[in-house]
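Okay, so here's the structure we're looking at.
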Amino acid sequence: MVQPQSKTENSHYVLEAKNLEIYYGSFKAVTDVHMNVERNKITAIIGPSGCGKSTLLRAFNRMNELVSDSSIRGEILFQGQDLYASNVDPVVVRHRIGMVFQKPNPFPKSIYENIAWGARIHGYKGKMDELVEYSLRQAALWDEVKDKLNQSGLALSGGQQQRLCIARALAVQPEVILMDEPASALDPIATLKIEELMQELKKNYTIVIVTHNMQQAARASDYTAMMMLSKDGERSGTVIEFDETKHIFTNPKDKRTEDYVTGRFG
Amino acid sequence: MSELNNTQPPQMEFSDDLRRRNLSGRIWMVVFRLSTVVGIIALVTLLLNIINQSAGYVHYEAKVDPDTLRVDGIPLEEQSKEQLMSVLQNNLSSGAYNKLDRDKPFAERDRGEVYDLVFDRVVKYKVEETWLLWDSLTHSREIKASVPTEQSGTELKFVVWANWDFLRRQQSSDPVLAGVRTAILGSLWTISITILAAFPLGVMAAIYLEEYAADNWINRIIRTNINNLAGVPSIIYGILGLAIFVRVLEPFTSGTLFGITDPTTANGRTIMSAGLTLALLVLPLIIINSQEAIRAVPGSLRNASYGIGATKWQTVWSHVLPNAMPGILTGTILAVSRAIGETAPLVVIGASTVIFFDPENPFSKFTTLPIQIYQWTSRPQDEFRFLAAAAIIVLLAILLTLNATAIFLRNRFSRRY
Amino acid sequence: MKQIILNYPEARKSLKRRPRWGESIIQGLLIFSGFFSIFTTIGIVYELGKEALLFFREPAVNLWAFLTGTQWQPHIEKFGILPLLTSTLITSTIAMSIAIPLGLGVAIYLSEYATPKTRNLLKPILEVLAGIPTIVYGYFALTFMTPLLRTIFGQDTVDIYNMASAGLVMGILILPLIASMTEDALSAVPRSLREAAYGLGGTKLEVALKVVVPAAISGISAAIIVGMSRAIGETMIVAVAAGAGPNFTFNPFKGAETLTGHIVRISGGDLSYDSIDYNSIFAIGLMLFFITLTLNIISQQIVRRFREVYE
């Protein structure tokens, strides 16, 4: 397991989880997580279902606290600042760390409004039309929808909806984009498009992606965090190995990781 | 992704005024909270207002001071029936006494009735002045000082209007002696008819719609129609009841069809008409609630039953209904409590506001609790308002019991799959 | 082990369909029950229509005067519905202006702000409020709201019977109805939409008002329309508190009888069949029936469209 680098270098990392534990009530869902997210890289979180991947991801932009009585222990640093400090506004956190969800969830509004909504609540100053076009282009959706911007976002296909959601996240200019199995509800071609898109986006953004598709992690990510239930019989998940993706898939240090990536798991 | 290269990113400028956003968030939260608080205050005020009028000091003037009617030093309240009868005999002319005996022989009257007669005929309390509960508690000294209790026949009593005698007594035009027994019995009779008519019909209709009806236009019309009926104002049912049950079906609803000739029966304005009218009113509610309960029974259960060769009705009767029954009962109780509180339709079909006899069969004239409340509320004198408040407490107590039963059923039997 | 012989001789014979008389009779009963509600509707329309027709056939009545007349005075043969209609509208408008903002506020609070614990505590209170018989609200209007209004605005301004008091209390009556229907509509909005909005950095208020409420708008409009229909058909509050006597006025502090209040007063006395009074309540009832029916159908239509979006 890669230990976090020394503290002085913390601007190097966009996100750092230290000794992180996440609880739902008294149930400890995630335990003892240490991991760092590097700028302009794609970091994948993989592991069997139910090991807390989504929970961990949602802790990075404080989405967890929308579930009542969830809490964390330990620290998550965003560019060196404690995300959970009492003076931090979760609204700002989510502005700067955006999220794309497992199932496409466009608002029941027009495509245009889907993009513009977030920008508007954050007091966007520039020309809205430009922002909508730019965001849709970034999400590689512009050509498909430019003639029907007033149509409902729900009228698009699943893959298009998901790219709309990505465009919507981009429109508020986050620094990090968290993706929670963004392609799991999509067909292979739509999935491929999303993966290509991620490669494009990492030039400007830092991406953390949860996936249960190991090929996807191997293809698309630069770093990989391998999560598992911490011990047999316990229900808390933890990161058992965190390294560059190529090491995880070719030369894992942990036997469990090896079993999992080679398909011998469970 | 080449399309990205020919686009310049737009001016990315956010003038994010978080202070303002959070402030308006807080203000609106207060607004939402406040509306909730206003709702709760309304409920509390409503209840307090009723409680405030349901007890308090009453200043009576008696024609004959009850203290002078002691027999061997025993006050009226503790006298036996025989002693009370002798009080009556001593204070009434023999003609008046014998007339009472002819109306209903004393042997058949219980002590409570004789006791009431003493007050009705001899003591003849008159309410001079009444006070609200709040005033009675906060200004009791002033009130006591203002009433010359040392005068013979003048009395000041703290009265809880909803008392045991209130439940026991029949209706009376004298507020001192008025009670709600007639009304409670009327409500019970009416509601029994309602349940007998609406429950089987409603459950069967629900079974038809959920288990038998194909999804075609006629059944869709039935469903829409039931939803619409549930939204029809209750007074319309009253008008319908007046036209159908009171008028057209008069031979049935007045009981003449069955050879019952109750002289008090006023041409079809009977318990039967009222019960059936309310049955029409609650039928859509029972159907909708029962449908929901039946829908909640999992399909796997039906498949299991069909899988061993049961017929449709066998499946419904032995598997679907037993599992849906708690839900159906809960829904029925809620619908029935709606019916118990209904006033308007019964006024329209002509429930009697003044009736001094207990209903004896479904073809009797009747009054019900809400009608009684309505009638007392419309009287200008304060003491009748207090009686109305007392009757409201009785009505709410009945409804609360029913609702508690429904909630108990729901929690006891809910979620077993 | 002894072999058990299963003896179902009938079943062995053939797979042919067998008549099951019991099943058929039961099915007949069920079908009858299912259709019974149709009979009720036909009964309502037929009876109201028939008697209303008799009413309009009376020489003293004509349809135009009925719809435009500003006087309802049966003893001088004036049958103009407007005084009854305006007071119905005034009481309902007052009621809705209380019930809509408060009801929406309560619903948004319950669905978006309250913790599950608070919600579980408050929802039964709403149910209790909704379960109180309307005659009790009528009593409340007369013995609390009216004296309160008279204290605030003066005995001379506010009549003992007045539309404002009835309307305000009716608002309290309808509040829980609107609140719980709206709350249902709000909670039916998928969680993923809220998450999307939060994920973009929306504040709680922005998520509630700009995403959840618009997404539930059809359910909310349906709730409001149902509330309106309820207000128009509400009887006992206005019968007790709004005044006994048709009165063509727009002053909410004056007493004026509504459609429903009039029916109650007329039929409360001894009403002889086939008198013009008797027939008139059917004409008024018919009008009431069509107003509320229209509102209910509109609301159901809206709800149906709403369902299609999410299911």
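List of remarks:
- Acute angle (nearest 10 degrees) that the helix C:116-131 long axis makes with the longest principal axis of chain C, alpha-carbon atoms: 60
- Amide H contacts under 5 Å for A:Gly237: A:Val30, A:Thr31, A:Ser230, restricted to partners 5 or more places along the chain or on a different chain, H placed in the peptide plane at 1.01 Å from N.
- In this Cβ point-charge picture (+1 for Lys and Arg, -1 for Asp and Glu), chain B has a dipole of about 1300 debye about its Cα centre.
- Spin-label model, B:Asp165 to B:Trp317: label points 7 Å out along the Cα-to-beta-carbon direction sit 5.5 nm apart.
- Signed unit charges on C-beta, dipole axis of segment B:57-159, positive-most listed residue B:Val159, B:Phe119, B:His59: B:Phe119
- Applying the criteria of a DSSP loop state and at most 15 other Cβ atoms within 10 Å to the GluC sites (Glu not before Pro) of segment B:340-417 yields B:Glu360.
- Straight-line cross-link reach from A:Lys146 at under 17 Å between alpha-carbon atoms covers these lysines, not counting any fewer than eight positions away in the same chain: A:Lys109, A:Lys127.
- Segment B:57-159: C-alpha gyration tensor shape, a/c 1.5 cut-off, then a/b vs b/c: prolate
- Assigned charges on the beta-carbon of Lys, Arg, Asp, Glu; the protein assembly as shown dipole about Cα centre (debye): 2420
- Crossing angle, helix B:94-103 versus chain B [Cα axis fit, 0-90 degrees, rounded to tens]: 30
- Those aspartates and glutamates that a straight Cα-Cα span of less than 16 Å connects to A:Lys203, excepting residues fewer than 8 apart in one chain: A:Glu38, A:Glu175, A:Glu195, A:Asp222, B:Glu3
- Over the protein assembly as shown, the pair-distance histogram of Cα-Cα distances with 20 Å bins from zero comes to 11, 32, 30, 20, 7, 1 percent, rounded to whole numbers.
- For segment C:158-259, chymotrypsin sites (Phe, Trp or Tyr not before Pro) are listed when DSSP marks them as loop and at most 15 other Cβ atoms sit within 10 Å of their Cβ; the list is C:Phe250.
- Cα-based reach from B:Lys126 at 19 Å (exclusive), listing lysines while leaving out same-chain residues under 8 positions away: B:Lys63, B:Lys144, B:Lys157
- Helix-only [θ]222 nm of chain A, DSSP H runs n ≥ 4, -39500 (n - 2.57) each, per residue, nearest 500: -9500 deg cm²/dmol
- B:Leu278, B:Leu92 arranged by Cβ crowding within 10 Å, fewest neighbours leading: B:Leu92, B:Leu278
- Inter-chain neighbour count for C:101-113: the average number of beta-carbon atoms from partner chains within 10 Å of each residue's beta-carbon is 5.
- Separation of the alpha carbons by more than 27 angstrom is noted, of A:Lys18/A:Lys246; C:Lys50/C:Lys254; A:Lys53/A:Lys253; A:Lys103/C:Lys204, for C:Lys50/C:Lys254.
- Residue (of C:Thr182, C:Leu84, C:Ser97) at the positive-pole extreme of segment C:59-201, dipole from beta-carbon charges: C:Thr182
- Between A:Tyr260, A:Val91, B:Trp313, the Cα set farthest toward the positive side of the dipole of the protein assembly as shown (charges on each charged residue's Cβ, about the Cα centre) is that of A:Tyr260.
- Each Cα pair under 8 Å and six or more residues apart adds its sequence gap; the mean of these over the residue count of chain A is a relative contact order of 27 percent.
- Three-way shape label, segment A:153-203, alpha-carbon gyration tensor, a/c 1.5: oblate
- Distance between modelled label sites at B:Ala214 and A:His247, nm, 7 Å Cα→Cβ extension: 6.9
- Exposure proxy shown here: for B:Ile27, C:Ile232, C:Ile76, the number of other Cβ atoms within 10 Å sets the order, fewest to most, as C:Ile76, B:Ile27, C:Ile232.
- DSSP-loop chymotrypsin sites (Phe, Trp or Tyr not before Pro) across segment B:345-407, with at most 15 other Cβ within 10 angstrom: B:Phe356, B:Phe357
- DSSP assigns beta bridges within segment A:122-266; of those with both partners inside it, close to 60 percent run antiparallel.
- Kirkwood-based Rg to Rh ratio, segment B:181-413, C-alpha trace: 1.04
- Prolate/oblate/rounded call for segment C:192-311, Cα gyration tensor, a/c under 1.5 rounded: prolate
- Think of each Lys and Arg Cβ as +1 and each Asp and Glu Cβ as -1; about the Cα centre, that makes the dipole of chain C roughly 1700 debye.
- For the residues of A:22-31, the average number of beta carbons from a partner chain within 10 Å of their own beta carbon is 0.
- Residue-wise HN-Hα couplings along segment C:204-213, as the Karplus relation 6.51 cos²θ - 1.76 cosθ + 1.60 with θ = phi - 60° gives them from phi, are 3, 5, 5, 4, 5, 7, 9, 10, 5, 4 Hz; Gly and Pro carry x.
- Each listed q (0.08, 0.13 Å⁻¹) maps to a log10 I(q)/I(0) for chain B from the Debye sum over equal C-alpha point scatterers, namely -0.66, -1.19.
- Estimated inter-spin distance, A:Asp143 and B:Thr405, nm [label 7 Å along Cα→Cβ]: 7.1
- DSSP bridge pairs, the protein assembly as shown: antiparallel proportion in percent, nearest 5: 70
- Excluding exposed DSSP-loop trypsin sites (Lys or Arg not before Pro) (at most 12 other C-beta within 10 Å), longest clean stretch of chain C: C:18-311
Quick note: the coordinates plus some simple rules give every number you see, no bench work behind them. All figures in this text were calculated on a predicted structure; none of them were measured in a lab. Neighbour counts run over all protein chains shown; Cβ positions are idealised from the backbone, glycine included.
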